[in-house]
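In what follows, a structure is listed as structure tokens, so that the remarks can point back to it.
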Amino acid sequence: MPIRILIVDDHSVVRQGLKMFLSLDNDLEIVGEAGNGDEALSMVEELQPEVVLMDLLMPVMDGITATQIIRREHPDTEVVALTSVLEDASVVNAVRAGAIGYLLKDTEAEELCRAIKAAAAGQVQLSPQAAERLMREIRTPESPEKLTERETDVLHLLAQGKANKEIATELYIQETTVKTHVSNILMKLGVQSRTQAALLAAKIGLVSKDEFST
């Protein structure tokens, strides 16, 4: 089954361009498009896409607000920010809102297709520029609750960009168990998303910055 995608951007030319080259990939299916965050909420409810490509600067409702609501009400839908904005605050706020990825609009078509597929599998997808800005903003907890050995293993693989299913296979555990470990990791580290946890793992040296998947 192809990955169901909703495109959200206030410029119709951008939406048409995205539809044109994404539709060339048989693994992807464009199920709808929206011109602002408010429209996106209604369409996510109706269409249940697996991935939303979300612009950030839009009228009526911005992409960050829409991302936060989508992730709260539809946790199985992943959001990838696709924007021309690279300000530190925009990157940080998008990830805090729950975006699993942050890509720039000058991303090559082939790379965007790969990122969508990875996001659908639960893998963190960040442009190198966005990762650099996030790394500066992520603060190491002063006294984080100690992770168990297994949670450390899961965090290490998560930071490498592994999806839950891949982590489960590598550690010989159930995928539901991986989800539980990920929830515990987020709580103990005081972060809200896999993306933040992965960045923190790179910052504290659990994985090298070169090893961290972007």
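So the values come out like this:
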item: Considering residues of region 1-15 that are of a type outside the set (Val, Ile, Thr) and farther than 15 Å from Leu57 by Cα only, the residue least open to solvent (accessible area, probe 1.4 Å); result: Leu6
item: Helices (runs of 4 or more DSSP H) lying entirely in region 91-197 (those with 3 or more residues that are at pLDDT 85 or above and surrounded by fewer than 22 Cβ atoms within 10 Å (Cβ to Cβ)); result: 109-120, 149-159, 164-171, 175-189
item: Residue in region 69-76 that is more than 12 Å from Ala40 (Cα to Cα) and among the hydrophobic types (A, V, I, L, M, F, W, C) present; result: no
item: Those residues of region 65-81 which are open to solvent by 10 Å² or more (accessible area, probe 1.4 Å) and in contact with a strand residue (DSSP E or B) (Cβ under 8 Å, 6 or more places away or on another chain), in sequence order; result: Arg71, Glu78
item: Filter result (closer than 16 Å to Val79 by Cβ, open to solvent by 40 Å² or more (accessible area, probe 1.4 Å) and assigned to a helix (DSSP H, G or I)) within region 16-40; result: Asp38, Glu39
item: Hey, Glu45 out of contact with any strand residue (DSSP E or B) (no Cβ under 7 Å at 6 or more places or on another chain) and modelled with pLDDT of 95 or more or not; result: no
item: Among residues of region 50-63, those that are open to solvent by less than 40 Å² (accessible area, probe 1.4 Å), free of Cβ contacts under 8 Å to residues at least 60 places away in the same chain and under 18 Å from Tyr102 (Cβ atoms), counted; result: 6
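The values are calculated or read from the model by the stated rules, or taken from the named source; none is laboratory data. Keep in mind that this is a model prediction, so the values were computed, not measured. Virtual Cβ from ideal backbone geometry, glycine too; neighbours counted across all protein chains shown. Heads up: the accessible areas ignore ligands, DNA and RNA and are worked out on the full protein's heavy atoms, side chains in. Shrake-Rupley method; radii C 1.70, N 1.55, O 1.52, S 1.80 Å.
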